Each structure stands twice: as C-alpha cells, then as structure tokens.
Amino acid sequence: WFSELADQGRLDKPAGPDADVLETFVSQHGLDSALRRFRNREMMRIVWRELNRRASLEQSLSDLSVLADLCLQAATRHHGSHLISRYGQPRNEEGEAQELVIIAMGKMGGRDLNLSSDIDIVFTFPEQGQCDGSRRLANEQFFTRLARSIVKSLSEITEDGFCFREETRLRPFGESGPLVCSFGAMEQYYQREGRDWERYALVKARPVAGNIDAGNELLSRLTPFVYRRYIDFGAVEALHDMYASLRSDSARHDRAMDIKRGPGGIREIEFLVQTFQLLRGGREHSLQTNSLRDALEAVESLSLLTTEVTRTLWRDYEFLRRLENAIQALHDQQTHSLPQGQDLERVARATGFERVDELLSSLDATRTSVLDQIEA
C-alpha cells in the first residue's frame, strides 16, 4: 500500500480519499472487508503526511472526515439496494420515494474528525409510509434494519480490523429512543423536549449520507431551535451550567494528562467558540457554521474577540489537535491522554520535539494560554 501511495504521488500532495477507489475495493473484496482495507490504507497516507508535516492540520482533519463520509455512503448505498430488492422502495402516503438520511454531529459534522474518533451520527427519514414490495414493510422498520446493517458493517471487528466506531446516542431520547425516526418526529421532539445541550450538539450537524438534500432541508427546519433570535436568561444560565460542569470535569485528578478534557484543553476552546454561536447566531448568520475555524473567523470579524485573541486560540487549538493526532497514531486507540515511557518519547518526536520535557513545557504553556483567553 505504501509503495502504491508513493508511486501515485499521494504521499506528497493533497489528494484525498476517492469514492471510485472504494467501489473498486468493494467489487474485489466485498463490502465489509473493502471498508476496512480502504480505511486502513487511507489512514496510512493521512498519518504519514500528518507526522511528516506534508499536510496542514485542516487537510488532515478534512481527509479523515471525507474518509468517514465515503465509508458511510458506501455502506448506505449497498445495504439500501439489498433491502430494496427484498422489500421494495419505501414510499410516503402520496407514493413518493423515501430515503434514509444520516446526520453527522460532533467532529465529523464539523469536518474535523481525529485519527481514532467515534463518529456521532443520527439516522432519520422524511415521511412515514410503507415499502412498495409484496411484504409491505413500514418505512420505519425498513430504515431501522438499514441503520443496523450500516452500524454493523462499519463497527464490527473482523480479521481486517474495524472501520469506524459509531455513536448514536445523540438521537432524540438517546438510547431509550428509536434508532431511526421521521423528520416530523424529530421536529416535534426538539420543539417539546429539546434541551440546551442538544442545541450545542446541533451546531456541528451536517448531512453526510443518504439523501443529502433532504438532510439539509431538515437542518433548515431545526435552525430556529439551534440559533434563537432572542436569547432569554434561562439559555444563558444553561450555558453557564454547562461550562461549570465542563470545568468541574476537567479538574478531576485523572484529567491531568488529558489534552481534550483536561484544563485548558481542546474541549474548552470548542466550548468558547460555540457559546458565541449559540448566543449570537440567531442574528448573525456568519456564525451559523459547523466549522470551528469559520466560526472563529466570524467571531473576529464581528469584533466579539480581538484578532490577537482569535489567532492565539487557533494556534493553541492547532497545537493540541496535532498532539492529539500523534497520541492516537501510536496504537489507533481512542485516547486523549499522554502516554508514558517510550511511547511518550515517540509522541514528542512526532510533534517536533527532541525531548519529552520540551513537549511538556510547550503543553503547559498552551494550556495556560487557553485558560487565560477564556477567563479574560
């Protein structure tokens, strides 16, 4: 694989994952094996370019997100075709074809996925009805079977490893709710039951597989819930409580070496930026973006923070995210904590430091800088 990537010039240039290559893998190896082989080969390229500084941070995070998008799209397409051949096409009461929509949340939604992250996704579909095959399966049952097949294809560990771990608890009612629900049910839920942390989660929402146009239509309907034109005292208090909870969690003893959840970590930068989005996004449309970089630029252009502060925040964020990538590149594990021993030496070298103490000094300065910017 490495030789092929080198011969193609893909180790030296920003040529991201290709859907046609994935389809070729599927025809050669079958869906589940192809997803894992494609993912592992692309991970090799992304990690090599990241650790050798052949790619910017944004290129690495974007490539990882595109990789997850393509794998989800392939699984949706292939399992969807199989189920349609058995049960027919799902349709609404007027006979219009219905398709699954997969909404990405969190870092996948923001196109800044890390090297070993869960992908947060929500399954939905436009309207109730039933399939037009002889077995007359209800739409919700059809899409539930499809969603389960997709999750299994991506997350199950096989002899080829796994593709992506999927997290579906951000759906309406969480684990106690149905795996898949209609647009109408989602709108009703957010109108009646939606909580402030769910507004926070939806800031990064992005349709990534299935019917993308329908997904954008759904998110447009949910915009008034996410970005309120008028913010009341209760919403401000909710954000204050969320931040207090975040700081309390970061103060835990086991968070000391956690560069995401620990003090002055990645999560605190993200929370600061998204707070501006939630408080001002209803009136300032430039803040209605799932990209943290774009949101930070909007915060600067609106003079909500000075240029010096926003550039310092991005510099600190970039340092922490590159360090996170180096930590996760070691063993392809979902961890945000600095390792020990020789692994810590490897992380230091991978992030451009000759000695561990240099890395730890720079990390301490970065965390202090983040806390200074937030508390200011």
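By average Cβ neighbour count within 10 Å, what is the ranking of 58-65, 229-236, 332-339, 13-20 from highest down? Please list the in-between numbers first.
On the way: 58-65: 21.5, 229-236: 10.6, 332-339: 15.6, 13-20: 14.0.
So the order, starting with the most tightly packed, is 58-65, 332-339, 13-20, 229-236.
Ranked by accessible surface with a 1.4 Å probe, highest first, in what order do Trp197, Trp48, Trp314 come? Let's see the in-between values first.
Working: Trp197 95, Trp48 70, Trp314 30 Å².
In descending accessible area the options line up as Trp197, Trp48, Trp314.
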With the Cα gyration tensor of the stretch 212-364 in hand, give its eigenvalues times 5 under a square root as the equivalent ellipsoid semi-axes, listed largest first in whole angstrom. 33, 17, 16
Using a cut-off of 13 Å between beta-carbons, work out the net charge of the residues near Gly174 (Lys and Arg +1, Asp and Glu -1, Gly174 not included). -2
Sorting check: for 32-38, 68-74, 216-222, 137-143, which peptide has the highest mean count of neighbouring beta carbons within 10 Å, and how do the rest follow? 68-74, 32-38, 137-143, 216-222
Pick from Asn325, Asn211, Asn114: which is most flexible by mean-square fluctuation in a GNM of the chain where alpha carbon atoms under 10 Å apart are linked? Asn211
Dipole in debye (nearest 20) - the chain, about Cα centre, beta carbon charges: Lys, Arg +1; Asp, Glu -1: 280 debye
Could you pull out every one of the lysines with an alpha carbon less than 18 Å from that of Lys260, ignoring same-chain neighbours closer than 8 positions? Lys107, Lys204
Near the amide H of Ile119, under 5 Å away, which other amide H atoms are found, from residues 5 or more places off or on another chain, if H is placed in the peptide plane? Arg165, Glu166, Glu167
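Can you show me the helix-derived [θ] at 222 nm for the chain, built from DSSP H runs with n ≥ 4 at -39,500 (n - 2.57) apiece and divided by the number of residues, rounded to the nearest 500.
Numbers: 15 runs with 220 residues, N = 376.
Taking each H run of at least 4 residues, the total per residue is -19000 deg cm²/dmol.
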Positive minus negative residues near Val309 (Lys, Arg vs Asp, Glu; Cβ under 10 Å): -2
Can you give me the % of accessible surface on the chain that is carbon or sulfur? Probe 1.4 Å, all protein chains present, nothing else counted. 46 percent
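Kindly give Rg over Rh for the chain, based on alpha-carbon atoms, with the Kirkwood expression for the hydrodynamic radius.
Rounded to two decimals, Rg over Rh is 0.98.
The values are calculated or read from the model by the stated rules, or taken from the named source; none is laboratory data. Just so you know, these numbers come straight off a predicted model, no measurement behind them. Here the Cβ is made from the backbone with ideal geometry for all residues, glycine too, and neighbour counts use every protein chain on show. Heavy atoms of the whole protein, side chains included, go into the accessibility calculation; ligands, DNA and RNA do not. Shrake-Rupley method; radii C 1.70, N 1.55, O 1.52, S 1.80 Å.
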